[in-house]
Amino acid sequence: MIRISLTLVLLIFLSSCAEDSKSLFNGKDLNGWSMDVPMKDSIPNAPESFIVRDGMLVSLGEPRGHLVTDSIYKNYRLEVEYRFPGEPGNCGVLVHASTPRALYKMFPKSLEVQMEHQNAGDFWVIVEDIEVDNMVQQRGPKEEWGITEGTNRRIKNRTDDSERPLGKWNSMTIECFEDQVKVWVNGTVVNYGYNATVSEGKIALQAEGAEVEFRKLVITSIAKLTE
């Protein structure tokens, strides 16, 4: 009989856990990501919307578009650290992204977790949908709901006071498990949705008018949502 020491078992377990998490950004270049910037269709030499600067991934905000992972992900926790270094503005993390330019010939089919200053944690549905417990309170009158142009696609977060002052780093954790999406901003649960119409896809970052710096983008497989 081969005896395995408790220490060896623990080392194997810890090694397995460590391999389960990975950074989506290598700190050097945008390997593993692809840009979809509509302006570049007609102006190929338009400025880049996303760059690497001082070891950070930076969305410059313009030209508008998306930086999309090459890989598809399901059942994961995404830990993000970001800040607006200059003027406050808009940005977002899109989960379960699929068909490009499905909305306004710009946004991929997806569920957006909003990062807009003072509205971090809102859901915006983009040709997909999701439910929350207080649908009318968080989304407004049912007759206005929709997932395409001209409808109410916003599902507000539970609190708008979880963000840090402008220029400070914020942490956002997004857990996607089966048809559920749960969001924390600086350790506070700000949104939780279920019965999503999609459960896997690519992950995208937005260039939506404001410069945003990202210093952490770490993904970890999960077997259930954190309570």
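The values are calculated or read from the model by the stated rules, or taken from the named source; none is laboratory data. These numbers were taken from a predicted model, which means no experiment stands behind them. Every residue, glycine as well, gets a Cβ built from its backbone with ideal geometry; the counts of neighbours run over all protein chains shown.
Every residue in region 148-178 that is hydrophobic (A, V, I, L, M, F, W, C) and buried (at least 18 other Cβ atoms within 10 Å of the Cβ), please.
I155, M172, I174, C176, F177
Residue check, E144 against (1) under 22 Å from G32 (Cβ atoms); (2) surrounded by fewer than 14 Cβ atoms within 10 Å (Cβ to Cβ), all met but one. Which one?
Unmet for E144, out of (1) under 22 Å from G32 (Cβ atoms); (2) surrounded by fewer than 14 Cβ atoms within 10 Å (Cβ to Cβ): (1).
For N186, indicate whether it is among the polar types (S, T, N, Q), more than 17 Å from L78 (Cβ to Cβ) and modelled with pLDDT of 95 or more.
No; evaluated as a whole, the condition is false for this residue.
Pull out all pairs, ordered by first then second residue, where Cβ-Cβ is under 8 Å, the residues are six or more apart or on different chains, the first lies in region 37-57 and is within 20 Å of P100 (Cα to Cα) and buried (at least 16 other Cβ atoms within 10 Å of the Cβ), and the second is at pLDDT 95 or above and polar (S, T, N, Q).
Partner pairs satisfying both residue conditions: V37/S49; S49/S59; F50/S59.
What strands (runs of 3 or more DSSP E), lying completely within region 119-227, carry at least 1 residues that are charged (D, E, K, R)?
170-177, 180-185, 202-207, 212-221
So which residues in region 171-227 are closer than 22 Å to D36 by Cβ and either free of Cβ contacts under 8 Å to residues at least 60 places away in the same chain or acidic (D, E) (or both), if there are any at all?
If the condition is that a residue be closer than 22 Å to D36 by Cβ and either free of Cβ contacts under 8 Å to residues at least 60 places away in the same chain or acidic (D, E) (or both), then E200, E208, E211, E213 are the ones that fit.
Residue under question is E79, and the condition is that it be in a loop (DSSP other than H, G, I, E, B) and either at pLDDT 95 or above or more than 29 Å from D161 (Cβ to Cβ) (or both); does it hold?
No: the conditions fail for E79.
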